[in-house]
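A quick write-up on the structure given underneath.
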Amino acid sequence: MSDFDDDDFMVEDEEDYDFDFEYDEDNEEEEQNVDLENRYYNAKALKEDSPEDAIMEFKNVIDSDTEQSDWSFKACKQMVKVSLKIRDYEGAIEYYKNLLSLLNIVPKSYSEKSINNILDYASNSDSISFLEQFYEITLNKLKETNNDRLWLKTNLKLAKLLLDNREYEKLNKVLVELHMACEKENNAEGQGTLLVEVFAIEIQMYTEMKNTKKLKPLYEQCLNVKSAIPHPRIMGIIRECGGKMHMIEGKWQDAQTDFFEAFKNFDEAGSPQRIQCLKYLVLANMLSESQINPFDSQETKPYKNDSQIVALTNLINAYQRVDIQEFESILQKNKSSIMGDPFIRTYMDDVIKNIRSQVLIKLIKPYTRIKLSFASKKLNISPQEVEELLVNLILDKKINGYIDQINQILELEHDKQSVNYYPDIGKWSNNIDKLIKSFDRKMN
């Protein structure tokens, strides 16, 4: 026997024990079951090396099972799986229809588990048209048998499949059906939990589409759903999308909060997505110019030296020290691991501008005028890039001065107003004033 699966351990919910003394009939039925069992496992043994022969043997099991026992169901299920494996999608659909017609001969819990497993197995196919047909057959059968619970689960699976394949128009139709199902749900807790799961898919769709206009009200509505006990992984997905929405809007602090909540939820769920969210948390932290290290918290500290995150740990340390040489060196050495994520890559230019601006403010502080060429050498960027940084700093009122574009010189104005921009110089000036006044009093 090879590769055991749930078929090998199926147990009937109820067993009828007949103690009549018809030994011959009982023995005959037992012998038939043994024969079917042997045929079934012989067919399973052929699955890996001779899938077509395995399908023929499973057909023989069904043909020999005149009473249509659970062995017919098991054999039909294996025919579907083998057909999917060899990409015989036409055969898979034919055998799957037969399988659905046999649902009544096995316990409901087992039939539901089998359908779920087959749908997961089928989802590995790269043919979206086949998958849509496969799901449509399933949903029609479940509606026909009034199996509302499994219909909901299957529709959620279909929605996730369409989301993964960016089939947004088709996904919208499925979401409409799911929202209608939520309204019909009688149990308040069940309704809230289901609604949050539907919202999670919808939020992911609008996040991928970068449609913040629809995303924002939907996100706020989702967080206000009452009587819901969603899985932490679902809340992690929602919070991550919220963080990305805030990033698009340039609300770095709000993004930081949402990414932290997403990380905690994924961590609670044991999802590897926690590492990705931790990276996004570091990114938002640098963009917000926060002086609080995100790895100082109790929840994130254990991941500080994780092999997937250590590059960003070193990067944020260099960023907060305003050590641009170390920052650029770490970025260069770990370019693929840091910049490999499209989302991080989108915002890394802003992070680089931030640290260069901080270095520039620090560099010009002692001077009243400074050549742009001098700053460009210190920052290892072109004078044009220096000028662009300075323009933004002047507009943001982080420095007080103007650029002489003809001579390529920054002229700084150290007046009373500049005390706001240079707190250290302001303190020094105030101390001198106090010293002079104190000296005058003593002289008088």
Tally Lys/Arg at +1 and Asp/Glu at -1 over every other residue whose Cβ is under 13 Å from the Cβ of GLU94; what's the total?
0
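Grab the beta carbon distance between LYS85 and SER64, set R0 = 25 Å, and tell me the FRET efficiency rounded to 0.05. Mind showing how you got there, number by number?
Details: r = 24 Å, r/R0 = 0.96.
Computed FRET efficiency for LYS85 and SER64: 0.55.
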Find how many whole Å separate the alpha carbon centroid of segment 132-184 from the alpha carbon centroid of segment 48-64.
32
Protection proxy ranking, peptides 228-241, 312-325, average beta carbon neighbours within 10 Å, highest first
228-241, 312-325
For the pairs LYS170/LYS301; LYS44/LYS108; LYS81/LYS153; LYS113/LYS301; LYS216/LYS362, note any where the Cα-Cα span goes beyond 31 Å.
LYS170/LYS301; LYS113/LYS301; LYS216/LYS362
By the mean-Cβ-within-10 Å protection proxy, highest first, 276-285, 382-391, 201-210, 300-309 rank as 276-285, 201-210, 382-391, 300-309
A 1.4 Å probe over the protein heavy atoms gives segment 247-362 a carbon and sulfur accessible-area percentage of 44
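What is the percent carbon and sulfur in the accessible area of segment 84-199, measuring with a 1.4 Å probe over the protein chains and ignoring ligands?
Details: 2700 of 6030 Å².
Roughly 45 percent of what the probe reaches on segment 84-199 is carbon or sulfur.
Let's see if you can work this out: charge +1 on each Lys and Arg Cβ, -1 on each Asp and Glu Cβ, no other charges. What is the dipole magnitude of segment 37-146 about its Cα centre, in debye to the nearest 20?
Numbers: 14 positive and 19 negative charges, 66 e Å.
Its charge dipole is roughly 320 debye.
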Difference of contour (0.36 nm per residue) and Cα-Cα distance, ASN124 to SER101
5.9 nm
Counting only heavy atoms of protein chains, what accessible area per residue, in Å², does segment 366-415 have with a probe of 1.4 Å?
63
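The values are calculated or read from the model by the stated rules, or taken from the named source; none is laboratory data. Quantities reported herein were computed from a predicted structural model and do not represent experimental measurements. All Cβ positions, glycine included, derive from the backbone under ideal geometry; neighbour counts span all protein chains shown. For the accessible areas, the whole protein counts, side chains as well, though only heavy atoms, and no ligand, DNA or RNA atoms are used. Shrake-Rupley method; radii C 1.70, N 1.55, O 1.52, S 1.80 Å.
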